[in-house]
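Only the coordinates and a few stated rules stand behind these numbers; no lab work does. These figures come from a predicted structure and were not determined experimentally. Cβ placement follows ideal geometry from the backbone for every residue including glycine, while neighbour counts extend to all protein chains displayed.
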Amino acid sequence: MPSEPALAGDLSTIVVTDRAALDGFEEQWNALLARSAIPLPICGPAWFLAHIDHKRTADCRWWCAFAFAGDRLVGVLPLVSDPRSRGGLRDPSEYFMHDGAPVLEPGREAEVANALLEAAYAEVPEARRLAFGGLRDSPVLDALRAQSWTSVRQEGMGSAVRIEGAFEDWKRTIGSNMRRNLRKAANRVERDFGAPPQAEFLTGDDAPLELLDEMARIEQTGWKAEEGGAMGLRTEVQAIYADVIAGWKRAGFLEWHRLRFGERTVALHLATHIGPKLTLVRICFDESVGRYSPGGLLLMATFERAFADAAIHRVDCVERQPWQQNWRMEAVPYHDVHAFRPGLLTLVTGYAPERIGSALRESRFLRRLLHRAPAESA
């Protein structure tokens, strides 16, 4: 059940620990996500509910703190207990993507973050550290960094394309070889399949949940199956995605991008459009027709559509992959943030060791010294 409301200035906070009660916050949570600085699908209720319903073990506790200004939801902080850290809480674990983040009202990130952290510590007195992963440079990261005892370090990279200017101008930046190869591929498709490749963008009520089965089938045609990452090889993963995309569809966020050669589906994007951001959550193509470049053809069609849509300001490809360099994608750094509860015990067992470790990792001189030491002693 929700905790008793606590007040911080004009903000009130509650902490929910009852699964059924969370459903009543879904609509407002999605609305806040759409106007937030990090409108990513992993930060919304569909992701957290799937974690609770599918991935939470019996010994894992969870909490969700909400902040309100009057009746308006202005902040959400979902947390789970961290089995790797005594006295630690963290954002929900990822599903093959970077972790989520608090969702905070634009322009009020710092004060809302303070109120949510205070609510979490009051609800879980034994908690000494809150850990967040996969945060991008944003006012949300700044708000967490501004907490009195925090440690921030870069932990990965993502990729994105800013949707600015004209499509043809951007297209010229990706190089003539790729443009030429995709033109040739489209011509071969028309010659061999009797029609040009057809890209479809299915949104809103026209985004069928059933295409998840088609994506699972296509993923089993290539490297994802060989490496064990194909969705269809792991029924629990497909069950998670089924619940997640149902939540995205209820919110109006879900998109499917499909490429067809004749009547045959050869490439798919599972995507979300939240606020100004289009996120390609999961992509696949049928490798049995790989010589026709179905993945590249669908991606080019996706960018052409994005540049034609004034509501899209950025296409986010989530993870950094070598092939993205051909598309001149911008590298996006991700950061881990550890926010420590002030106190002597936390200082000795958590904050000080974390800061010392961070300093060692960031010091080029110390890294060189430690790297040379074994060789010199030998």
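Report the far tail of the P(r) of segment 164-312, meaning the percent of Cα-Cα pairs longer than 18 Å. Of all Cα-Cα pairs in segment 164-312, 59 percent lie more than 18 Å apart. What whole-number volume per residue, in cubic angstrom, does the convex hull of the C-alpha atoms of segment 58-214 give? About 233 Å³ per residue, rounded to a whole number.
Loop-located chymotrypsin sites (Phe, Trp or Tyr not before Pro) in segment 92-191 (DSSP state not H, G, I, E or B) with no more than 15 neighbouring Cβ atoms inside 10 Å: Phe96.
For Lys184, a cut-off of 19 angstrom between C-alpha atoms picks up these lysines, skipping any fewer than 8 places away in its own chain: Lys171.
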